[in-house]
Structure formats: C-alpha cells, structure tokens
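The values are calculated or read from the model by the stated rules, or taken from the named source; none is laboratory data. None of the values given here were measured: they were computed from a predicted structure. Note that we place each Cβ from the backbone using ideal geometry, even for glycine, and neighbour counts take in every protein chain shown. For accessibility, only protein heavy atoms count, side chains too; no ligands or nucleic acids. Shrake-Rupley method; radii C 1.70, N 1.55, O 1.52, S 1.80 Å.
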Amino acid sequence: TYQRYLELLGEHNVPRYSVADGDEVTLHGGVKLRFLHPNKGTVDMLSHNDASLVLALDYQRTTMLFTGDLEIVGMLDLLERTSPEELRADLLKVPHHGGVSSFEPRFYEAVSPRWAVICVGPNSFGHPHAEVLQYLSQNGIRWRTPEGGPITFYIWWGFLWTMSPAGRGSH
C-alpha cells in the first residue's frame, strides 16, 4: 500500500516533505501545525509505531493533538523532550486505537484533554482497552468512538464543541 502511495505521489507530481519535532507549518486562516515527534536523534531506535508522527493543530485558542499509533516507548521519548505546555491539548486523538500498549497515564496527565477521540472499529485486539476507557472516564475526559458515525468537532471563537449525536459511541 505504501509503495502504491509513493507511486501516486510521483504520478501526480505531489511534493513530499520530511518533518520532525520542532518543525512548524502555518496554514491559511491561522491554523498552525506543530510537529512534536519523532525526534531525528531517536527515530532510528524506535519501532514503527513508536516513531509515529505526533502533531498539534493550533487554531484560535484550541489545540488538537494527533498521535498516530504511538506506544509507550514513543510516549516516554516524547515526554522526555517536550514540555507539558507544548503537549497540552483540548482534544486528543487517543494513541494506537486505545490499546493498552499505548497507555501511559503520565502522557494523559501532560496532555490534560477535555475530549478524546478513539479511532477504532471492530477488531480482534480488544481495542479500545478497558483500562484506557476507565482512565478517561475517571478523569473527566469525554471520549468518543466513530461507531455511531462520523464525529465532527467545531472551533468557534476559540471554544471546542461537537454536534455529534449524543449517546452513539460517546461517553
């Protein structure tokens, strides 16, 4: 799949860029992307999942943190190199589909999200793991999965809110 992806990029002359922690991109309308992981010095020592791209999307006064399939070793690397202020986010895309291999309470404490989205569907891995869901609920982090359909979040005047149907894949 990845090879075909690269072929399509070449066929359509789509430029490719490598990014790493510390890189930033400002998009039209005031959207800023901050790349937090992987680190160029540690990426070769990490597994594929632990080298996942982690980026923060800042818009108005809201931050969303996207974590890919980051697992515990990658989280610890990220926590070691990144200040809590840089990690703090209103919305967290839960790492690795909510798997227990990606559950590190210190990471969730540093991010301190109000919302969490778990990208998961039917699977044989037990994702999302009960320990992750329990942690989110016990810490007042509202979470959703896409099982009830698409989830849409809005940012209006710096506030994050959703119009997704209540009770369908949400807690």
Against the conditions (1) open to solvent by less than 50 Å² (accessible area, probe 1.4 Å); (2) not in a loop (DSSP other than H, G, I, E, B), where does SER52 fall short? Just the number, please. (2)
Which number in (1) touching a strand residue (DSSP E or B) at 6+ places or on another chain (Cβ under 7 Å); (2) open to solvent by less than 20 Å² (accessible area, probe 1.4 Å); (3) among the polar types (S, T, N, Q) marks the one condition that THR152 misses? (2)
Looking at region 99-106, is at least one residue touching a residue at least 24 places away in the same chain (Cβ under 8 Å), within 24 Å of THR152 (Cα to Cα), touching a His at 6+ places or on another chain (Cβ under 6 Å) and open to solvent by 30 Å² or more (accessible area, probe 1.4 Å)? no
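Given the criteria modelled with pLDDT of 90 or more, assigned to a strand (DSSP E or B), open to solvent by 30 Å² or more (accessible area, probe 1.4 Å) and over 14 Å from GLU104 (Cβ atoms), does LEU57 qualify? Please lay out each step first, then the result.
Numbers: modelled with pLDDT of 90 or more: yes; assigned to a strand (DSSP E or B): yes; open to solvent by 30 Å² or more (accessible area, probe 1.4 Å): yes; over 14 Å from GLU104 (Cβ atoms): yes.
Judged against the criteria, LEU57 is a match.
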Pairs returned, first residue in region 63-87 that is assigned to a strand (DSSP E or B), second residue that is open to solvent by 50 Å² or more (accessible area, probe 1.4 Å), beta-carbon separation under 7 angstrom, 6 or more apart or interchain, are THR63/ARG88
Which numbered condition ASP69 fails, given (1) out of contact with any strand residue (DSSP E or B) (no Cβ under 7 Å at 6 or more places or on another chain); (2) loosely packed, with under 12 Cβ neighbours inside 10 Å; (3) not hydroxyl-bearing (Ser, Thr, Tyr): (2)
